1. If I filter the stretch 72-83 for residues that are in a helix (DSSP H, G or I), under 25 Å from Ser277 (Cα atoms) and touching a His at 6+ places or on another chain (Cβ under 7 Å), do I get at least one hit?
2. For the stretch 71-98, enumerate the residues that are under 16 Å from the mean Cα position of the chain (by Cα) and buried (at least 19 other Cβ atoms within 10 Å of the Cβ).
3. Pairs needed: first member in the stretch 138-149, free of Cβ contacts under 8 Å to residues at least 60 places away in the same chain; second member anywhere, in a helix (DSSP H, G or I) and hydrophobic (A, V, I, L, M, F, W, C); C-beta distance under 7 Å; at least 6 residues apart or different chains.
4. The conditions are (1) of a type outside the set (Gly, Ala, Ser); (2) surrounded by 20 or more Cβ atoms within 10 Å (Cβ to Cβ); (3) in contact with a strand residue (DSSP E or B) (Cβ under 6 Å, 6 or more places away or on another chain); (4) assigned by TED's automatic domain parsing to the domain that holds Ala58, and Leu101 fails exactly one of them. Which is it?
5. Can you find a residue in the stretch 299-322 that is surrounded by fewer than 22 Cβ atoms within 10 Å (Cβ to Cβ), touching a helix residue (DSSP H, G or I) at 6+ places or on another chain (Cβ under 9 Å) and farther than 22 Å from Ala222 by Cα?
6. If we scan the stretch 19-39, do we find a residue that is at pLDDT 85 or above, surrounded by fewer than 14 Cβ atoms within 10 Å (Cβ to Cβ) and closer than 30 Å to Leu111 by Cα?
7. What about Asp275, is it more than 17 Å from Asn66 (Cα to Cα), acidic (Asp, Glu) and buried (at least 24 other Cβ atoms within 10 Å of the Cβ)?
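The values are calculated or read from the model by the stated rules, or taken from the named source; none is laboratory data. Source: prediction; values computed, not measured. Heads up, the Cβs are rebuilt from the backbone with ideal geometry, glycines too, and the neighbour counts pull from every protein chain shown.
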Amino acid sequence: MAQAYKTETANGSPETGRTGTRVRSLLQGWRGDRGIWRRGVALACFAVLIALLMILHAQIPNRIGNLGSLTETFLPWLGVFIPVILVVAVLRRSVTALIALLLPAVVWLNLFGGLLSNDKAAAGGNLTVATHNVNAGNPDPEGTAKQVAASGADVVALQELPVGQVSTYEKALAGTYKYHSVDGTVGLWSKYPMTDTAPVDIQMGWTRAMRSTVRTPEGAVAFYVAHMPSVRVKVHAGFTANQRDNSADALGEAISREKVGKVVLLGDLNGTMNDRSLNAVTSQMRSTQGAAGDGFGFSWPASFPMARIDQIMVKGVEPVSSWTLPQTDSDHLPIAARVQL
């Protein structure tokens, strides 16, 4: 009969010398336990439910509190349940739950495993862009502007600019960016000439989106800056996002009419790439983070990022790399990307 190899600790107590012995001991404890198949059925059903939510998220209706969009906004976080189910299944000695757990694990990896790859970013690119919702209540607008400029971006978009602080941002960025324009609460700063700058109507009643042609050394690029309406989660109304959705449709229509072949969208869309309500925009553009970023690139809230609602999207342009920038005094993280025109 095989014996476990043991050593002694400093206080003379026996200690298992091999991790494999501990595993074998655990498995031996399961032998003869007829309840390992019957136990944990409810836990197994919960694992299957998590998998179905990820597989069928597009079928969850928005009629009741925009529940579908709410689920899609935080869809990657359903993966948090997988290790929890694993631990409980092991503690309960439930083979049924462990087998069922394979389903959500495989689905999650299929949906999001590619985002965890660290080899999507590439060298090269000839234009760096950045965007930041600076937060209207930012206590240090000058410092925030200088932090974003320090990223080395050739073109920078800012959202949620308070009227009384626009001049502060302009002065802080003047030394780095020769050209700029501010429309309403959004602005664009560029090292290259800007022409045909105009507000974009996203059905809000005041300006929170704009468009400009930036004349780069590689040719003209149409830049859109947008700050979609905020969404709210309310007890009685659910995920209220109707105004955001209408603005997204209007922005998508404007981009679809764009005559310039190369387009870059920078802004706070108050929604993730998974949110079906942004289809008018996401269906015709690529996310730089999804194409060339490492990880999820969550940008909000800055103190503990849980979702990427700040986006850099392109059309007719090749993403090379994408990343989040260090935290400023805003409640959003700034994000940046390098592209090949």
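1. Here is the first cut: in the stretch 72-83, the residues in a helix (DSSP H, G or I) are 72-73, 75-83.
If we keep only those that are under 25 Å from Ser277 (Cα atoms) as well, we get 72-73, 75-80.
With the extra rule that they be touching a His at 6+ places or on another chain (Cβ under 7 Å), the set shrinks to 72, 75.
Scanning the stretch 72-83 turns up at least one residue that is in a helix (DSSP H, G or I), under 25 Å from Ser277 (Cα atoms) and touching a His at 6+ places or on another chain (Cβ under 7 Å).
2. Thr71, Glu72, Thr73, Leu75, Pro76, Leu78
3. These pairs meet every condition: Glu142/Ala172; Ala145/Ala172; Ala145/Leu173; Lys146/Ala172; Ala149/Leu173.
4. Here Leu101 meets the rest and fails (3).
5. yes
6. The answer is no, given that none of the residues of the stretch 19-39 is at pLDDT 85 or above, surrounded by fewer than 14 Cβ atoms within 10 Å (Cβ to Cβ) and closer than 30 Å to Leu111 by Cα.
7. For Asp275, the condition - more than 17 Å from Asn66 (Cα to Cα), acidic (Asp, Glu) and buried (at least 24 other Cβ atoms within 10 Å of the Cβ) - is not met.
Quick grid of which residues meet (1) touching a residue at least 12 places away in the same chain (Cβ under 8 Å); (2) under 30 Å from Val148 (Cβ atoms):
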residue: Gly65; (1), (2): yes, no
residue: Ser69; (1), (2): yes, yes
residue: Val80; (1), (2): no, no
residue: Val84; (1), (2): no, no
residue: Ile99; (1), (2): yes, no
residue: Gly113; (1), (2): no, no
